[in-house]
Amino acid sequence: MNDGFAVRVKNLTKHYGQVVAVDHISFEVKQGELFGFLGPNGAGKTTTIRMLIGVIRKDHGEASVMGYPAGSLRAKQLSGVVPEMANAYIDLSGWDNLMLMAELYRTPVHVAKKQAEVLLHALGLYERKDSKTSTYSMGMRKRLLLAMALINDPQILFLDEPTSGLDVQSARAIREMLRNLRKEGKTIMLTTHNMDEAAELSDRVAIINRGRLVAVDTPDGLSITAGRVSLIDVSFDQPVDEKILARLPGVNRLETAQAIEDAEKLRAQMAMTGTSRPGGVGGGRGQMPSLSGRQISADGNEGAKRSGNRFRFYTENTTQLVNALVDFSRASSLNMNILNVRPPSLEDAFVRLTEEKSREK
Amino acid sequence: MRSDFGIIDQTIRSFTIARKSIRIFYAKGPVIVFGLLFPIFLFLSFTIGRNMTLDFMLPGFLGMILFFTATSISPVVVPWEAQARTLERLMSCPVRLETIIMGDVLASFAFGTAISLVPVVIGLALGITVSSPILFAFAIILAAICFASLGNVFSIPPTNIPATVNMIAAAVRFPVIFISGIFIPLDELPTWGQAISYISPLTYFTDIARNSIQGQSHLPLFVDFLALLGFTVLFLVVAMKMHQRTMPRRI
């Protein structure tokens, strides 16, 4: 009935007044797949998930879950949901929240009790099962929400940022549970801001920006095709003039040690807010973002001469640049303490794709 | 899986929602005490010193308690749930919106009926007799469902601020008790006053209660019952239709 697809979405659209929150998106999620759904804040991820779980109605298009119309009772019965915000009943204990969900899904009591015990143990909540949820930490509540979503043994799970704002232990526990669920053959649709998490867990990812789907591929596929730009971290045994390094063949961009730190912060911020800036990570040759005045463009056009011994290069031609660096260090009698080539990442692809689409608009 | 998603299946799930609501929103000491005390003091403030007999006072008192308790919490349950973001969780479960609304109405009905037993027991202890106990009990049940449904109608505006909903509810609840024959018998009202009283569902319950306790009523009993039934259906239909429109705006 569902042709091997757990989710089918065709031209799905949702307006809020004049704002198009989701704009004719189409994609499919295979059964047993962990499908990452990525996008900056306000891109339309949560709206899409809410349409799929039947909390809000679509304006146009078609969507099905496990072969049934999205939002239908049959689709809901087969789904488990972890909404973005913690929303267990705080006046009830963890155990009672689970039993309430089990009753609402009409899971037989003896099955529900057994399942609840297994889940609470697996998520490290068993000791606190009789405490009111109001006394739970954020991490505990999120873990309880995952348990609530799994109490009916769903065939598909919709998770809206399940690890956002969590401590390392809670996030790990949830990721571990997701890995196990995938092994069990559950279909999982996951939204997250954490690119490493998406790259690590997802079989395929979709990137949505401003309501439009901009890419669907495997994390590696996206990284290579959309990321394009590799990072090369180099440390010399002596200070080197950045202007010289910036002129080496294959350099798209060059950052100093301090700028690397600033850039990481900015990239994380951009991924969260969806803001764009001219140029940007992985931008084409000559498109240099201005970060703390510490970046040197490929033509070396920066006023003050700066020097240091740690640098990060961005390049679309790794071989050419590595060869150039080796030649340069030999010619200058320098030793390279570190030469670390990092392939294009999903985060690079994400930033590039969301920036490109923003500029096109 | 035991689900065909038919009426019985959804009714079972609405009882689950009702039990949850009673536990979380109703079964609280302050709610119960306030549910009793507020109508008692309001009633006393209008009856003390007016030489009313107990058999005249009790139907009005019972009507007020039932009306106030059945409409006290139900208007704010949906805003509370939306604010706590449990509504989204509930709506993602395999339940119809009508099932959620029926669950809230059932919880409010149970609360109103349970609290209204207090004045009934007090009245019986003080020697009041009820002419037709089964009919009287049926009237209490029907009126409790009717008032609970009205309470749910108050929560239709898509605001998640309970105080706003309470204000809307108060704007309707207080005038209703003055036009429903609680303090002044309907026969003693002028024609225009009687005409206004017919738009209040509380009028018909009070009339049935007077018939059961005093043995006299303003309208024939079947008219009172039909009117209560009509208001119940109207409130339920309005609640279900209008919540369909406004509920997604709360999420």
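Read the figures in this text as sums done on the coordinates, not as results from a lab. Because the structure is predicted, anything quoted here is derived from the model rather than measured. Glycine also receives a Cβ, built like all others from the backbone with ideal geometry; neighbour counts cover every protein chain displayed.
Region B:170-247 and region A:71-111 have Cα centres spaced 39 Å apart. The distance between label points at residue B:196 and residue B:37 comes to 3.1 nm (points 7 Å beyond Cα on the Cα→Cβ vector). Each peptide in A:147-158, A:192-203 receives the mean, over its residues, of other Cβ atoms within 10 Å, and ordering these scores from highest gives A:147-158, A:192-203.
From Cα pairs below 8 angstrom and at least 6 apart in sequence, can you work out the relative contact order of chain B, rounded to a whole percent? Don't jump to the answer; show the numbers that get you there.
Details: 317 pairs, mean separation 65.8, N = 251.
Reported as a whole number, the value is 26 percent.
Here the simple spin-label model places points 7 Å from the Cα toward Cβ, and for residue B:222 and residue A:183 these points are separated by 7.2 nm.
Compute the projected area of the convex hull of the Cα atoms of region A:22-146, averaged over all viewing directions, and report it in nm² to one decimal place. Don't skip to the end; give the middle numbers.
Working: hull surface 35.2 nm².
Convex hull of Cα atoms, orientation-averaged projection: 8.8 nm².
Protection proxy ranking of A:232-242, B:187-197, by the mean of other Cβ atoms within 10 Å over each peptide's residues and highest first, is A:232-242, B:187-197. How big is D for region B:83-223, in µm² s⁻¹ as a whole number, if Stokes-Einstein is applied with the Kirkwood radius of its Cα pairs at 20 °C and 1.002 mPa s? In µm²/s, the coefficient rounds to 125.
One quarter of the surface of the convex hull around the alpha-carbon atoms of region A:97-256 equals 14.5 nm², the direction-averaged projected area.
Compare the peptides A:53-61, B:120-128 by average per-residue count of other Cβ atoms within 10 angstrom and give them in order, highest first. Don't jump to the answer; show the numbers that get you there.
Working: A:53-61: 19.1, B:120-128: 13.7.
Result, highest mean first: A:53-61, B:120-128.
Grouping the Cα pair distances of chain B into 10 Å bins from zero gives a pair-distance distribution of 7, 32, 34, 19, 7, 1, 0 percent in increasing distance order.
Counting, for every residue in A:104-112, the Cβ atoms of other protein chains within 10 Å of its Cβ and taking the mean gives 4. For region B:7-250, the dipole from Cβ point charges (+1 on Lys and Arg, -1 on Asp and Glu) about the Cα centre works out to 900 debye, to the nearest 20. Taking Cα atoms only, the orientation of helix B:201-214 departs from the longest principal axis of chain B by about 40 degrees. The label-point distance for residue B:131 and residue A:200, in a model that sets each label 7 Å from Cα toward Cβ, rounds to 7.7 nm.
Calculated mean residue ellipticity, 222 nm, chain B: -25000 deg cm²/dmol, from DSSP H runs (n ≥ 4) at -39500 (n - 2.57) each, averaged per residue and rounded to 500. Scaled against 2.2 N^0.38 Å for its residue count N, the alpha carbon radius of gyration of the protein assembly as shown is 1.29.
For the cross-link pairs A:10/A:114; B:20/B:241; A:58/A:132; A:14/A:186; A:76/B:241; A:183/B:241, the ones whose C-alpha atoms lie over 32 Å apart are A:10/A:114; A:58/A:132; A:183/B:241. Taking every residue in A:74-83 and counting other chain Cβ atoms within 10 Å of its Cβ, the average works out to 4.
If R0 is 56 Å, the Cβ-Cβ spacing of residue B:85 and residue A:244 corresponds to a FRET efficiency of close to 0.50.
Computed across region A:5-224, the Kirkwood hydrodynamic radius from all distinct Cα-Cα pairs reaches 17.5 Å. Here the dipole of the protein assembly as shown is about 280 debye; that uses its Cα centre as origin and unit charges on the Cβ of Lys and Arg (positive) and Asp and Glu (negative). Think of the protein assembly as shown as a dipole: +1 on every Lys or Arg Cβ, -1 on every Asp or Glu Cβ, centred on the Cα centre; then among A:187, A:166, A:140, A:187 lies furthest on the positive end. Averaged over the residues of B:90-102, the number of partner chain Cβ atoms lying within 10 Å of the residue Cβ comes to 5.
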